[in-house]
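Working notes, beginning with the structure itself.
The values are calculated or read from the model by the stated rules, or taken from the named source; none is laboratory data. Keep in mind it's a predicted model, so treat the numbers as computed, not measured. All Cβ positions, glycine included, derive from the backbone under ideal geometry; neighbour counts span all protein chains shown. With ligands, DNA and RNA removed, areas are computed over all heavy atoms of the protein, side chains included. Shrake-Rupley method; radii C 1.70, N 1.55, O 1.52, S 1.80 Å.
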Amino acid sequence: MSIEFIHKDQVFHLRTPTSSYIMRIVNGRYVSHVGWFRRIRQWNGANDLSLQERSFSPNPAGSDRGFSLDILSQEYPTAGRGDFRNPAIEAVFPGGSAVFDLLYKCHRIFPGKSALKGLPATYTEADDEADTLEIDLQDPLSLLSATLSYTVWRDRDVIARSVRVVNRGTDAVALKRVMSASIDFEGSDFDLLQLSGAHCRERHPLRRKLCSGSQGIESRRGASSHQQNPFIALLASGSDEDSGEVFGFSLVYSGNFSATVEVDQFASARVSVGINPYNFGWTLESGQSFQSPELVMVRSSAGLGSMSRTYHDLYRERLCRGVYRDRIRPVVINNWEATYFDFNEKKLLALADEAASCGIDMFVLDDGWFGKRDDDKSSLGDWFLHGNKLPGGLMNLAGQINIKGLAFGLWVEPEMVSPDSDLYRAHPLWCLHVKGREGSLGRNQLVLDLSRDDVRSYLVDTLAEVFSSAPIAYVKWDMNRHMTEVESDLVSPEGQREISHRYMLGLYEILETLTIRFPDILFESCSGGGGRYDPGMLFYMPQTWTSDNTDALSRIWIQLGTSIVYPSSSMACHVSAVPNHQNGRTTPLGMRGNVAMGGSFGYELDLTGVSAPEKAEIAAQVARYKKIEGIVLFGDMYRLRNPWRDPTFSAWMSVSKDRTEAVVTCVWMLSEANSPLIILRLKGLDPDFRYLVEELGRAYGGDELMAVGITLPQGPACDNSVQYRLTEAK
Ligand code: DGJ
């Protein structure tokens, strides 16, 4: 068991392979956080509370002046009882009071992990993979209760936390804030790491020192967002890629979130992560419960890289589901950047012909195949065929593509409706809107109100019909605007604050239904690229379109930033045309290929317009990817040189789990003549193995490659990019 309750000391000791997370019941009432340390055998109180009287720190009735909630590290703090830091939960009772306690009542420990009703979450496949502790807290006056849940993996340095709030009283309670977890740290000598950016510039790592007061990130956009990813980490000062203490906090949620660190007067740090309290409220009637999303917490004593690999393994193996979880992915050609809206059957089939001759596996038909959609001004919601473009229908097109040896995939954007659509004309109140106010448009579209049962049923039925109408092997599920006027026609005034979260529950319900009904479809999520690249979506769809920015150099930032949390198997990466359509930059085809091979690989350019040598190079890239994709998608990923440390050169590698094979990719982001020599030290190899570096035709020891390194060519001599494949030399 990875969880122990030491009754005589009233101590909970949670053990991951390398860490100890310790809590203690203080005064029989308060569940206090002792710390999250490198693994110890037993906690005997070495850092025991030596509470000293502090001015302006109130004392609960009956306790001495040395005891104050303002100083106590707590697992799930409330407000109004003496702790002036960020509370984990806020609620208002019928009489208007917002003051309550959550005191220890009882607990349970059991093997395995329970599912979270209606929400995506990590899971176990066998009970011996993890153990779960549930601690019940309750307010003695109102009987508002909270069950804190901790799942501790036996073989992973992971603790997953969530909270279920239950109203055991007789009156309704208005919840204002429910964090998934609150974690107190003694001391604040940490840097805060966040993954921030914008559309086409997602997940750029940003590191800053903690300082007094609150700091953090959030999304109020109705999606986890391009701007801030639902992840933060605390990095001990001086820690880096390969050394030092790192604590990661990744929220399994796709909507509005907040992740805050508050440094208090005594330099302790409180991390609070959960649904954003902005525009949130939830009425809990007597007997009802509210389930928070899950927060996946990882502790590493060996730097950021080790934290990343723990997340990669967990998310790839126990968050993603379905047949593609463990399966290599098809190499795709997507017609978006090749044709945009301007296509017909002939053009698509010509593109498919070229793709087939390059060894590509799947043809994906992007936006523009339905309704009257010739640009982005109409037809979202009208999921029936565009007769002018595809007179033979989807079945005919897919059939012809299948005959060429390619599987067929399709783009949809189900959560949206265009004002110029039959759906909107028939159901103008089916979108999020505020009665009496004009709605705001984004990319000419409105957002459907997924909190409504009728909208959800319509979408499930309509999409099921589309997905059954042809041999569809892949679906790209897009979402191209953020939410405004987040209110619904159907609910009471108080209910409006529930709509943001009810939308997410509605979306998750639709995805659950469709992914179960179509288990053989490979679903890829997308929101203008990586605008909803979060663990919530990965639960339903094992890969995400990483970014609308397909420029190879921009992609290095984006992909390596994404790799801080998310596995390579979740990143869809395509080679596109030059000059690049997003930033106008021209990069060599070899570099574009090498960078896109960092994830689930494909193309998104007009193959009918490339030269014969380029086409041969593309065919060679596809063949190469097929040799290395198992290592890239399912191996251990190591960042060797990060662009946020050195924007002139980047390198990364993947090593197969049995360490017999590896792929190393290097890119000179700044092409310089006569530049200093780079000797690149590799990581993650078996020191006792000898590896043949195929491209060099020579074998070296694993220890040698890691301690000494490998001399790289000059950037310009290799078109500023090189990829090595290593295989164990017997
Ligand atoms: C945004 C996506 O990220 C693109 O790849 C493409 O599918 C367009 N939407 C289509 O409208």
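When the residues of the range 200-222 are filtered to those that are among the basic types (K, R) and touching a Leu at 6+ places or on another chain (Cβ under 7 Å), which remaining residue is surrounded by the fewest Cβ atoms within 10 Å (Cβ to Cβ)? Taking the candidates together, the pick is R208. Being small (G, A, S) and within 27 Å of V31 (Cα to Cα): is that true of A174 here? So A174 fits the description; yes.
The condition of being away from the ligand (no atom under 16 Å from the Cβ), aliphatic (A, V, I, L, M) and more than 21 Å from L446 (Cα to Cα) holds for only one of I499, I556, I510, that being I556.
Among the strands (runs of 3 or more DSSP E) confined to the range 85-166, the ones with at least 1 residues that are of a type in the set (D, E, K, R) and touching a Ser or Thr at 6+ places or on another chain (Cβ under 9 Å) are located at 89-92, 103-111, 130-138. Within the range 527-540, the set of residues being buried (at least 24 other Cβ atoms within 10 Å of the Cβ) and not hydroxyl-bearing (S, T, Y) comprises G529, G530, G531, R532, D534, P535, G536, M537, L538, F539.
Can you find a residue that is among the acidic types (D, E), outside any helix (DSSP H, G or I) and more than 16 Å from the ligand (Cβ to nearest atom) anywhere in the range 340-361? Looking through the range 340-361, at least one residue is among the acidic types (D, E), outside any helix (DSSP H, G or I) and more than 16 Å from the ligand (Cβ to nearest atom).
Listed here are the residues, each with its yes/no results for (1) modelled with pLDDT of 95 or more; (2) surrounded by 17 or more Cβ atoms within 10 Å (Cβ to Cβ); (3) more than 27 Å from A673 (Cβ to Cβ).
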{"site": "Y700", "(1), (2), (3)": "yes, yes, yes"}
{"site": "A707", "(1), (2), (3)": "yes, no, yes"}
{"site": "L712", "(1), (2), (3)": "yes, yes, no"}
{"site": "Y724", "(1), (2), (3)": "yes, yes, no"}
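Considering the range 223-266, the residues that are charged (D, E, K, R) and buried (at least 19 other Cβ atoms within 10 Å of the Cβ) include one that is farthest from S525 (Cα to Cα), namely D264. Among the residues making up the range 409-441, those that are surrounded by 15 or more Cβ atoms within 10 Å (Cβ to Cβ) and within 16 Å of the ligand (Cβ to nearest atom) are G409, L410, W411, V412, E413, P414, E415, M416, V417, S418, D420, S421.
I want to confirm something. Restricting to the range 318-334 and keeping residues that are of a type outside the set (V, I, T) and in a helix (DSSP H, G or I), which single residue is farthest from the ligand (Cβ to nearest atom)? Only one residue tops the list, namely R318.
If you go through the range 326-338 and keep only what is open to solvent by less than 30 Å² (accessible area, probe 1.4 Å) and either within 17 Å of the chain's Cα centre (by Cα) or aliphatic (A, V, I, L, M) (or both), you end up with V331, V332, I333, A338.
Does N47 satisfy the condition of being surrounded by fewer than 20 Cβ atoms within 10 Å (Cβ to Cβ) and in a loop (DSSP other than H, G, I, E, B)? Considered against the rule, which asks whether it is surrounded by fewer than 20 Cβ atoms within 10 Å (Cβ to Cβ) and in a loop (DSSP other than H, G, I, E, B), N47 comes out as yes. Looking across A115, A126, A98, A146, one residue alone is open to solvent by less than 20 Å² (accessible area, probe 1.4 Å) and of a type in the set (G, A, S). It is A146.
Residues in the range 669-680 that are closer than 19 Å to Y638 by Cβ and surrounded by 13 or more Cβ atoms within 10 Å (Cβ to Cβ): M669, I678, L680.
Is it true that some residue in the range 445-462 is over 30 Å from N334 (Cβ atoms), touching a Gly at 6+ places or on another chain (Cβ under 6 Å) and open to solvent by 40 Å² or more (accessible area, probe 1.4 Å)? No, the range 445-462 has no match at all. Residues that are surrounded by fewer than 14 Cβ atoms within 10 Å (Cβ to Cβ) and either in contact with a Phe, Trp or Tyr (Cβ under 7 Å, 6 or more places away or on another chain) or over 25 Å from L193 (Cα atoms) (or both) do occur in the range 586-595.
Every test in (1) more than 15 Å from the ligand (Cβ to nearest atom); (2) touching a residue at least 24 places away in the same chain (Cβ under 8 Å); (3) closer than 25 Å to W545 by Cα is passed by G399 save one, and that test is (3). Looking across the range 382-408 at every residue that is in contact with a Pro (Cβ under 8 Å, 6 or more places away or on another chain) and outside any helix (DSSP H, G or I), the one that is most open to solvent (accessible area, probe 1.4 Å) is identified as A407. In this structure, does I40 turn out to be under 26 Å from I159 (Cβ atoms), of a type in the set (V, I, T) and surrounded by 15 or more Cβ atoms within 10 Å (Cβ to Cβ)? Spelling it out, it is not the case that I40 is under 26 Å from I159 (Cβ atoms), of a type in the set (V, I, T) and surrounded by 15 or more Cβ atoms within 10 Å (Cβ to Cβ).
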